[in-house]
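Working notes, structure below.
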Amino acid sequence: MTTRRRTGVAVVLLLGWITACGASDDSASAPGTSPPSVPVGTPTSGPPSPDGKGKGSDDGFAFLPWGPDDPPIPAHYAALAASKDSPPGCADAADTAPGGAFWATVVAVCKAMAGDGAWPTTTTVPKPPPAPNSYQKCLDAELSAMLQRALRWHADHLDRRPIVAFAPRSGRSSCQSRIYAVRVLDESDLDMQDPPDGIALAITGAGLGSDPVVTVDGKRVEVSEDFQPSPGLKTLVVFAKSTKAHLARVEVATDFGVLTATVDLPGSGASPTATSGTLTPSPGGSRSPTPAGSTRPSASP
């Protein structure tokens, strides 16, 4: 285990920036899930064959990609983590969700597919409420896609109960292995007498692991400090050396692959941004590179 050197980062200021750019939240830890009272159709371990229109197969549709063995995620998402042997906790999701039409639809579909409630009468998915961070915004997009599959399938099969395909217990969402922000820290963010040489960077992401290896432009840098701004997210503080202003490549090697992002190092006059975060699978890893058209880190996380 790498020994973390105390950098003296002004955590209050840094957390303020993370919240402002959408990388922190106050959600509680994930509770245990409660299975619905009626089994969800005939559980399967793989998704029904898609028809190219987001409806799933004639037999049913795929549920969410995250399984119950995933890293921590905010309570209302964690309650929905499911596998064929561990149904989603619809009641827990109802108790912990922030409310509103979107989450009411999530809970209604969760109960309906279990035969424990009525299906919504609409095929239109309500807009999610404003997410407190990019991580939850990404999870909301996956929830919206699932609701579209479910509601469209039900509209075409009003008198049938779906066969729902769940993720494996260790199934992971691409949202859970991603760099969401890279920031160049300035002197106001640091409170230390003897800082390491180099430019201080704060890397915030999901799935960074307990002892990640970080490189900047291919050169390994020490993780001087790390902390968790919210469930499932971690911020790493590193110091990188640079002789000229340029767009630097940041890589974080994790148990599930290599996460990448880019950042404008000082001197270019441009604001630092995290862009084009991808996941390159490591040997034995379960993730593939982020496909085109999927949710990716934006220039303003």
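Mind listing the long-range amide H neighbours of residue 190? Cut-off is under 5 Å, sequence gap 5 or more, other chains count too, H placed in the peptide plane at 1.01 Å from N.
10
If I compute solvent accessible area with a 1.4 Å probe over the protein chains, what percent of it on the range 185-254 is carbon and sulfur?
Answer for the range 185-254 is 43 percent, counting heavy atoms of protein chains only.
May I ask you to evaluate 6.51 cos²θ - 1.76 cosθ + 1.60, the Karplus curve with θ = phi - 60°, for each residue of the range 125-141 and list the ³J(HN,Hα) values in order in whole Hz, giving x for glycine and proline?
Once θ is set to phi - 60°, the couplings for the range 125-141 become 8, x, 6, x, x, x, 7, x, 7, 5, 4, 5, 4, 5, 5, 4, 5 Hz.
Send over the semi-axes of the range 116-197's equivalent ellipsoid, whole angstrom and largest first, taken as the square roots of 5 times the C-alpha gyration tensor eigenvalues.
43, 15, 9
Could you go through the range 148-164 in sequence order and give the Karplus-derived ³J(HN,Hα) for each residue, using 6.51 cos²θ - 1.76 cosθ + 1.60 with θ = phi - 60°, rounded to whole Hz, and x for Gly and Pro?
My calculation for the range 148-164 gives 4, 4, 5, 5, 5, 5, 4, 4, 8, 9, 4, 9, 10, 9, x, 8, 9 Hz in order.
Only four residue types carry charge here, +1 at the Cβ of Lys and Arg and -1 at the Cβ of Asp and Glu. Report the dipole size of the range 148-242 about the Cα centre in Debye, rounded to the nearest 20.
With Lys and Arg at +1 and Asp and Glu at -1, about 1060 debye.
Distance check, please: which entries in 137/241; 137/234; 111/137 exceed 28 angstrom between their Cα atoms?
Listed pairs above 28 Å: 137/241.
Once you treat every alpha carbon in the range 130-171 as an equal point and sum by Debye, what is log10 I(q)/I(0) at q = 0.14, 0.17, 0.21 Å⁻¹?
-0.47, -0.63, -0.80
Skipping prolines and chain starts, which residues have an amide H placed within reach, meaning under 5 Å, of the one on residue 223, given they are 5 or more residues away or on another chain?
So residue 223 has HN proximity to no qualifying residue.
Quick one: Debye curve from the alpha-carbon atoms of the range 132-245 only, equal weights, vacuum; give me log10 I(q)/I(0) at q = 0.09, 0.14, 0.20 Å⁻¹ to two decimals.
For the requested q values the scattering log ratios are -0.40, -0.72, -1.13.
Just read off the accessible area of residue 123 with the full protein assembly in place, 1.4 Å probe, to the nearest 10 Å².
For residue 123, solvent-accessible area is about 80 Å².
Give me the 1.4 Å probe accessible area per residue for the range 117-262, excluding ligands and nucleic acids, in Å².
44
Whole-Hz Karplus ³J(HN,Hα) for the range 60-69, in order, using 6.51 cos²θ - 1.76 cosθ + 1.60 and θ = phi - 60°, x for Gly and Pro?
Computed from phi, the couplings for the range 60-69 are x, 8, 8, 7, 7, x, 8, x, x, 8 Hz.
The values are calculated or read from the model by the stated rules, or taken from the named source; none is laboratory data. Computed from a predicted structure; not experimentally measured. Every residue, glycine among them, receives a Cβ derived from its backbone with ideal geometry; neighbour counts consider all protein chains shown. Surface areas here come from the heavy atoms of the whole protein model, side chains and all, with no ligands, DNA or RNA. Shrake-Rupley method; radii C 1.70, N 1.55, O 1.52, S 1.80 Å.
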